[in-house]
1. Listed highest first by mean packing, meaning other Cβ atoms within 10 Å per residue, what order do 29-38, 128-137, 9-18 come in?
2. With Cβ to Cβ distances under 12 Å as the rule, what net charge do the other residues near Leu22 carry (K, R +1; D, E -1)?
Amino acid sequence: MAVRDALGQGEVSLHYFSDESLRAIAGTRIGINTVLDGIEVARDIFERVELNTLLQKENAHEVRQILDFALERRMPVQFIELVGTDFNDGRASSAVSADGMVAYLRTLTSDEHIEVAGVGQGRRVFRVDGVEIDVIHRNLGRHHVGQCGTCPLRMKCVEGFWALRVDHDGGVQPCLLREDLRMDVKELLADPTRLAEAVAGHITAFTEGIL
């Protein structure tokens, strides 16, 4: 689960839509219904929940079902093309082009634009009946700010600064590869105002490169 900000927005990965693809991708014995039930719980907790799906050979036959699932619940969803880095070389053979998803979305809507400003991956944005569907296309490039510019791990970077991660031990960090940028917020959890201020300050420092 990635939390976008302190206002109740969450992001949930949904890279599968059957028990078979869940086992193939995640290597787990739990069933897909457990994952889908978890998404419903997240919707009860957060004001807005966004799905993200990494396009892979193992789920290529299910991405339209994932899209339908999102549209039926009016949930925004990102379809992410695998970007080759040192971090994910082991998954390179599973990469699938996003062109098919882009072509299909164009049959559903003419509302389309490209965003490359800000941080993270450049993205192609569609709106289908008011629901935002993003396609993060590797040929749109990566965009970094602040701390990313001089990061020693930049060559291993998967996505740039795209979301704020929250771990099980009460820590938040803007990058999965940089434990040194993690901030412990356990003592702030009982005070939402102080928590929001602290997290906002941490992210501002990160984007300005002064952490």
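1. 9-18, 128-137, 29-38
2. -2
Rule-based calculations on the coordinates, nothing more; no lab input. For clarity, every value in this text was computed on a predicted model and none was experimentally measured. So basically every Cβ, Gly included, is an ideal-geometry build from the backbone, and we count neighbours across all protein chains shown.
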